[in-house]
1. I'd like to check one number: the per residue accessible area of region 70-177, probe 1.4 Å, reported in Å² as a whole number.
2. Given H placed on each backbone N at 1.01 Å, which residues far from residue 96 in sequence or on other chains put an amide H within less than 5 Å of it?
3. Sort 58, 102 by heavy-atom solvent-accessible area, probe 1.4 angstrom, most to least.
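The values are calculated or read from the model by the stated rules, or taken from the named source; none is laboratory data. Since this is a predicted model, take the numbers as computed values, not measurements. When the accessible area is computed, the model is the full protein with side chains, heavy atoms only, and any ligands, DNA or RNA have been set aside. Shrake-Rupley method; radii C 1.70, N 1.55, O 1.52, S 1.80 Å.
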Amino acid sequence: MRNRINATGIDDLPFYRSELRRQFTCAGTNCKTDDAPEGAVPSLRKLMPAGKYIGAEFMSNVMFSTTSRHDSAEYRRVHTSQYSLSGTYCGWGSTEQRRGNFTMAACVEAVTYAAAAGQLFRGTNLCWDNPLFNPSWLEELPADQKPAALKEHIHGVVTAMEQAGPVYAWDVVNEAANPQGTGLKNGTWSNPS
């Protein structure tokens, strides 16, 4: 039986997964994870050494919903208590569905939540090489216009978020490398139209 958890050991990962699964399973029932017995797993954010952060994306439609079939309060409580880093809903497909028209409400809501939860906010993703996550206008744009569109997008989103609240870091480019280690993946930027 474990008396103490070593947060740095890779062997503890299955234990943490199990504990998080237990906490999410308790959502919506009478199970109270705040009243866990002594020796139970402490918050993951409290186990991290100074200057190290643990984060997770969240589902905005659950986190902020009052009509979700999920228990939004429990989902928010677990996310708030466990993580020290949050980031979501700042991707190109969410923030600029029409060129030059920035829709930042979901991203601002996420950074506001993170600040209130005592979390750092990491903005994701300013540039993605996956057409599924980019707006259709970007995919249809001629290749010679894509670099200017990228600069405009990054400037627009980062400027808007500087006014909304503190952003700890940005994922600037996401998943551009070919998993086989042979350069860039084929996509929006490596095979422009």
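1. For region 70-177, the per-residue accessible area is 47 Å².
2. 103
3. Numbers: 58 10, 102 70 Å².
Solvent-accessible surface, decreasing: 102, 58.
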